[in-house]
Amino acid sequence: MKRLLKSLATIALTLGLLLSANAMDKPTTWTTEEGASVYYLNLPELPILDLIIALDAGNFRAGDQHGLASLTASLLVKGTKNQDEETLIETMEGLATSITAGSNTTQTTIRYRSLTDEEVLTPSVDLLLEILKSPRFDEETFNREVAQIIDAQKARLDNQNSLASEAYYAMLYPGQHLGSTSEMLVESLKKLTTDDLNAFKERYYHSNNAKIIIVGDLSLAEAKTLANRISETLGTGEAQPAIDETPLPSKGETKVIAFDSPQSRIMMGHPAIDRFDPDYLALFVGNHVLGGSGLTSELMMDIREKQGLTYGIYSYFAPSFLKGPFTISLSTTNQDVDHAISETKKLVKRFIEEGPSEEALTRAKNNLTGSMALDLDSNMKMASALLSIATYQLPLDYFEQYADNVNNVTREMIQAAFKKHVDVEKLSTVIVGGYQETP
C-alpha cells in the first residue's frame, strides 16, 4: 500500500514537470448511446488516469431542499450496498485509488484517480461502478453528516467573513438559490431523510444528464470502453430543463450587521454576468488590473499602499450558468469605513471611465498568460480545464488559443465591458463589524 501511494506521489510530481511546458492538446469528444458527453485527452507519459463525472445535479436542482445535493454527493462515497464506509475506505487504500464527490450550485462532480496498471485499474474501475450503482446511504452516516453540517453552520455565526458573505448574497439574490442562508439550510436538513437522497440520485444521476472527462494513459479504444461502462451504469433518465434564475436589478442598498470587532468587513457589488457572456474575457482581464492581481492591483496600490485604509482589498467576477456578481471585498477599521467605501467607489468609477493604462494592461496579460502552464500542470488540472470547456460549451482549442485571446483584449474592450456591466451607483453594500452609521 505504501509503495503504491509513493508511486502515485512520484508520478504526480513528474507529470507536473512534463506538462508545465506544454499547452493542452485538442481533446477528442463523443456522445455515448445513453447520452453522456465524453471529453478525452490522451496523456501517455505516465501510468495514471484522472476522470471526472459531472452531473447536472447541483444545489440549484434541489429547490427548497437546501443541502440535499451536497448530502447526496457526500454519502455517495461513504459506503455501498456491499461495503460499509470503513470497508470502502480500506478497499480504495488497497488499490491506491481516490474517489471523491461534491456538489456546488450547478453541478455534482465525482472525481476518480487510479494507476493504469491493469491489475490495479480493473478492480478500481469496478469499485467506481459499484459506488455509482449502489450507494449505501446509511442512516447512521446520514445522521452524522447532517449533525456536522448543522454544527458548522452554527459556527458560521461567529465568523465575521461568513456573516458578511451570507448577508451579501442574500441581499443580491433575495428569494433565489444564490441568496439562501444558513438558517434555511439548517431548517431544510432537519426535514431530510435518506429517502430524499435516493430520490434525488434516481432523478438526476443519469448519463443524459452527465459529462465524462477522461485524462491520462488510456488509448482511445480503452477510453471508449470505460465511458460506455460508466454510461451504462448510470442509465438514462428524464431530461431536465435549463438552469434559469434571473436576479432582480440591484438597488444599491446598504446593510450593517453589528459584530464585536475593531475592524469591519465590507462587501459591495451587484449581479453582473453569466459565463456565456461575450464580454467575459474583457472583464476578466480588466479585473486583473483593477483588483485581481494581488499587491499590484490598482485597488491595492491605492486603497492600501497609498491611503493605508486596509491590509487587503480585491475584486472579482463570479459567473457560472447564473448571473454571478461583481464583488469588491475589504476590511478596514470601524472609523474608516465610510472613507474606504467612498475612495473605493471613486477608483472604480475612474477605472470605468478611463480604463487601464497600457503599461498595467501589458503587465496583466503577461501575468495571465505566463501562469497558464501552472494551471495545467497535472492530470487533474487538465481534467478540470476540460470540464470547463464541456460545461460552458467553449471551443475545444480554448486553452490553445487562450494566450492569443488574452493578448487581443484592448483597453477599449475593457472600458466598454465595464461600462456595460458595472454600475458604481448600484453597488449594494454589506458591512459587518463595529461600524456605527452616521445619523
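Here are the numbers:
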item: Total charge dipole magnitude, the chain, about the Cα centre, Cβ charges on Lys, Arg, Asp, Glu only, Debye to nearest 20; result: 680 debye
item: Relative contact order (%) - the chain, alpha-carbon pairs under 8 angstrom, separation at least six; result: 23 percent
item: The stretch 254-433: relative contact order as a whole-number percent, Cα under 8 Å and 6+ apart; result: 39 percent
item: Cα-based helix-to-principal-axis angle, 194-204 vs the chain, degrees rounded to 10; result: 90 degrees
item: Of Ala223, Ala167, Ala147, the one that fluctuates the most in a GNM where the chain has Cα springs shorter than 10 Å; result: Ala147
item: Set of lysines near Lys251 by C-alpha distance (under 29 Å), chain-local residues within fewer than 8 positions excluded; result: Lys323, Lys345, Lys346, Lys349, Lys419, Lys420, Lys426
item: The stretch 403-435-the stretch 349-398 distance, computed between alpha-carbon centres (Å); result: 16 Å
item: Helix axis angle, 358-370 relative to the chain longest principal axis, alpha carbon, degrees; result: 20 degrees
item: Inter-part distance where the stretch 121-143 and the stretch 149-191 are each reduced to a Cα centre, Å; result: 30 Å
item: Angle between the chain longest axis and helix 280-290 axis [Cα atoms, degrees, rounded to 10]; result: 50 degrees
item: D (Stokes-Einstein, µm²/s), Kirkwood Cα radius, the stretch 2-234, 0.692 mPa s at 37 °C; result: 171 µm²/s
item: Lysines whose Cα lies under 28 Å from that of Lys26, excluding same-chain neighbours fewer than 8 positions away; result: Lys211, Lys224, Lys365, Lys381
item: Stokes-Einstein translational diffusion, the stretch 392-439 - Kirkwood Rh over all Cα pairs, 0.890 mPa s, 25 °C, in µm²/s; result: 164 µm²/s
item: Cα shape, the stretch 248-301, gyration tensor, a/c 1.5 rule; result: oblate
item: Percent of alpha-carbon pairs separated by more than 13 Å within the stretch 158-236; result: 78 percent
item: Value of Rg/Rh across the stretch 254-433 [Cα atoms, Kirkwood radius]; result: 0.99
item: Radius, Kirkwood style, for the chain when every pair of distinct Cα atoms is counted (Å); result: 23.8 Å
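Taken together, the values in this text are just the output of simple stated rules run on the coordinates, not laboratory data. Given the structure is predicted, the values throughout are model-derived calculations rather than measurements. Every residue, glycine as well, gets a Cβ built from its backbone with ideal geometry; the counts of neighbours run over all protein chains shown.
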